[in-house]
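For reference, the structure is listed below as structure tokens.
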Amino acid sequence: MKIYTKTGDKGSTSLIGGTRVPKYHPRIEAYGTVDELMAFVSLLRDQEIGQHWKEFLTLVLDRLMSCASILAADCDDCDVKIPQIPNSDIEQLEQQIDFIDTQVEPLTSFVLPGGHPAISLSHVARTICRRAERLSIQVAEQTQIPENLIKYLNRLSDFFFMLSRILAKDLNVKQIPWQPRV
């Protein structure tokens, strides 16, 4: 597989299925944001965090690649098989969120991001994931996108928030509660 094709030199690219679109097309924005999220999840995985979280983030990266493939596919009967996001992927995220919830103190206020690079990266991943979700919803308004893709991104952003909380506990970092000045 050649890295450069020269077919995008004039500002367009091909979706899976062959449709050419401008590089600012909503599908490109959506899967490009998922790609950005994957880079930050990889950076988070490379931090000094527990092996369980490293392994789980590897699974998340796999599912995000599936999300990007789905968003890049513009064909009803593609020549290539497009991966899907089954309900079990969403349930797996929910199980991890529920597990973390049993391990951390209940929240009494919003918390400010930060305190350790791994915690900050969790928050960066959370916010990029929310953007990927918004962009995927925008694509879904124009064409059919599997509902589970949007559900997965929604749960994944919740997971990243909860991951920041368990990492704070694991790393013995005191989270700073937000105290609004009203």
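The values are calculated or read from the model by the stated rules, or taken from the named source; none is laboratory data. Since the model is a prediction, treat every value here as computed from it, not as a measurement. Note that we place each Cβ from the backbone using ideal geometry, even for glycine, and neighbour counts take in every protein chain shown.
What to note about this one:
- Tally of residues being in contact (Cβ under 8 Å) with a residue 60 or more places away in the chain and outside any helix (DSSP H, G or I) across the range 35-63: 4
- Qualifying residues in the range 101-155 (those that are of a type in the set (Val, Ile, Thr) and in a helix (DSSP H, G or I)) - the one surrounded by the fewest Cβ atoms within 10 Å (Cβ to Cβ): THR102
- The single condition among (1) on the phi > 0 side of the Ramachandran plot; (2) within 16 Å of the chain's Cα centre (by Cα) that GLY114 does not meet is (2).
- For the range 106-126, a residue qualifies if it is free of Cβ contacts under 8 Å to residues at least 60 places away in the same chain and not β-branched (Val, Ile, Thr), and the qualifying residues are PRO106, LEU107, PRO113, HIS116, SER120, HIS123, ARG126.
- Any chance ALA30 is within 20 Å of ARG130 (Cβ to Cβ) and free of Cβ contacts under 8 Å to residues at least 40 places away in the same chain: no
- Residues that are surrounded by fewer than 19 Cβ atoms within 10 Å (Cβ to Cβ) and either closer than 17 Å to GLN144 by Cβ or within 17 Å of the chain's Cα centre (by Cα) (or both), drawn from the range 70-89: ASP74, CYS75, ASP76, ASP77, CYS78, ILE82, PRO83, GLN84, PRO86, ASN87, SER88
- Every condition in (1) under 18 Å from GLN138 (Cα atoms); (2) among the small types (Gly, Ala, Ser); (3) in contact (Cβ under 8 Å) with a residue 60 or more places away in the chain is met by ALA73 except one, and the failing one is (3).
- Test result for GLN92, within 17 Å of ILE49 (Cα to Cα) and either of a type in the set (S, T, N, Q) or in contact with a Phe, Trp or Tyr (Cβ under 7 Å, 6 or more places away or on another chain) (or both): no
- Annotation note: Cβ proximity below 7 Å between a residue of the range 156-182 that is touching a residue at least 12 places away in the same chain (Cβ under 8 Å) and a residue that is part of a helix (DSSP H, G or I) and surrounded by fewer than 11 Cβ atoms within 10 Å (Cβ to Cβ) (sequence gap 6+ or interchain) occurs for no pair.
- Pick from the range 21-55, criterion surrounded by fewer than 18 Cβ atoms within 10 Å (Cβ to Cβ) and within 15 Å of PHE160 (Cβ to Cβ), ranking: farthest from the chain's Cα centre (by Cα): LYS54
- Unmet requirement for ILE16, which otherwise passes all of (1) at pLDDT 70 or above; (2) closer than 23 Å to ALA140 by Cβ: (1)
- Inspection of the range 85-96 identifies at least one residue that is among the aliphatic types (A, V, I, L, M), part of a loop (DSSP other than H, G, I, E, B) and within 17 Å of ASP62 (Cβ to Cβ).
- Check on ALA73, in contact with a Gly (Cβ under 7 Å, 6 or more places away or on another chain) and of a type in the set (Gly, Ala, Ser): yes
- Of the residues making up the range 143-153, at least one is acidic (Asp, Glu), under 22 Å from LEU61 (Cα atoms) and over 13 Å from the mean Cα position of the chain (by Cα).
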